[in-house]
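Engineer: For reference, the structure I am asking about is given below.
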Amino acid sequence: MQQVRREPAIVVASIRALAERWIAQCAAAARLARSERGRYALAIPGGSVAELFLPALARSDMDWARMDLFFCDERCVPPDHPDSNYGNVHRFLLEPLGGRAPRVHRMPGEDPDPERAAREYASTLRFVLGSPPVLDMALLGVGEDGHVASLFPGHDSLAEMDQYVLAEEHAPKLPARRLTLSLGVLASAREVVIATFGRAKAAAVADALHDPSSELPLALLLRLASRATVMVDEEAASGLGR
C-alpha cells in the first residue's frame, strides 16, 4: 500500500530540548519496529548533529541489541581520519556504549574505489533490510546550501532515485569524494528527522519549507518523505516567520 505523505512537523526549541525530543521519538519508533519486525534500523549523520544528539542517545535506555545502525553518508577517508563520520559516531556514541553497542554497518570510506564501496553498501542494505531497503528512521543534518547527507544542489545524484547508495566525486566541500544514501532510500524511511542549528542554515530551511518549487535537496526530501520532522533551534528558524 502506498504511503500517504504528511506535511512535515516543525519543532523549534533549544538544542538540548530538540535532542530530548528526538530521543523520545527515536525510542517510540524503535518500540514499534521491534514489535512489528523484531529490529530497529536507524541511519545517522556526522557533523554537528552527531556531536549534539548522539551523546544523549548514548545515555538513553534503547534496546541496543536489536538496533541496526547505518550511515547516511561518509567521506572517502579511513575510519580513524578526523573527517570520518564513523570516527565521530564512534567517539560520541559507540565508545560510550562499550559492549552495549548496536550492530553497526559502516560505510567503507577507505575503499580506493568509491563505486565499488557504494555497491557493497547497497548489498548490505538489501541483505539486512530487504529489497527495496526501508529504514525505520533517517536522522540528517542540513548544510548552509541546503544539502542533506552528501546530496548537493544541482548534482546529478539527486535524480538517481533507483540506486540505493551513490559515490559522489565532486562534493563542493573537502573531502570531495563521498559515499551517500540516495534520495530514494532516505525518502522511503518510515520517519525522516532533519535537525539543524544556527542562523547560517536559516535561509535554506525557509526556502525548503516555504517555496513549493524549491530544488534544494532538503526540499526534495521533505516533499518525497511520507513522514518528516524538522527540528531547528531559534536561530535556524529565524527565516520561518513564526
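Engineer: Considering only the range 195-207, state which residues are touching a Ser or Thr at 6+ places or on another chain (Cβ under 7 Å) and buried (at least 18 other Cβ atoms within 10 Å of the Cβ).
Structural biologist: Phe197, Ala202, Val205, listed by residue number.
Engineer: Quick test for you: out of Gly109, Gly87, pick the one residue that is crowded, with 18+ Cβ neighbours inside 10 Å and out of contact with any helix residue (DSSP H, G or I) (no Cβ under 9 Å at 6 or more places or on another chain).
Structural biologist: Sole residue among the options that is crowded, with 18+ Cβ neighbours inside 10 Å and out of contact with any helix residue (DSSP H, G or I) (no Cβ under 9 Å at 6 or more places or on another chain): Gly87.
Engineer: Would you confirm, using the coordinates I've provided, whether Leu158 is more than 24 Å from Glu115 (Cα to Cα) and either surrounded by 17 or more Cβ atoms within 10 Å (Cβ to Cβ) or in contact with a Ser or Thr (Cβ under 8 Å, 6 or more places away or on another chain) (or both)?
Structural biologist: It is false that Leu158 is more than 24 Å from Glu115 (Cα to Cα) and either surrounded by 17 or more Cβ atoms within 10 Å (Cβ to Cβ) or in contact with a Ser or Thr (Cβ under 8 Å, 6 or more places away or on another chain) (or both).
Engineer: Specify which of the listed residues (Pro132, Pro82, Pro78, Pro114) is over 15 Å from Leu42 (Cβ atoms) and crowded, with 16+ Cβ neighbours inside 10 Å.
Structural biologist: Just a single option satisfies the conditions, and that option is Pro114.
Engineer: Return the only residue of Ala138, Ala167, Ala122 being outside any loop (DSSP other than H, G, I, E, B) and in contact with an Asp or Glu (Cβ under 7 Å, 6 or more places away or on another chain).
Structural biologist: Exactly one of Ala138, Ala167, Ala122 is outside any loop (DSSP other than H, G, I, E, B) and in contact with an Asp or Glu (Cβ under 7 Å, 6 or more places away or on another chain), namely Ala167.
Engineer: Answer yes or no as to whether Ser84 is within 17 Å of the chain's Cα centre (by Cα) and hydroxyl-bearing (Ser, Thr, Tyr). Give the steps one after another, and end with the answer.
Structural biologist: Working: within 17 Å of the chain's Cα centre (by Cα): yes; hydroxyl-bearing (Ser, Thr, Tyr): yes.
It is true that Ser84 is within 17 Å of the chain's Cα centre (by Cα) and hydroxyl-bearing (Ser, Thr, Tyr).
Here, each number is a calculation from the coordinates, and none is a lab measurement. For clarity, every value in this text was computed on a predicted model and none was experimentally measured. FYI the Cβ positions are ideal-geometry reconstructions off the backbone, even for glycines, and counts take in every protein chain you see.
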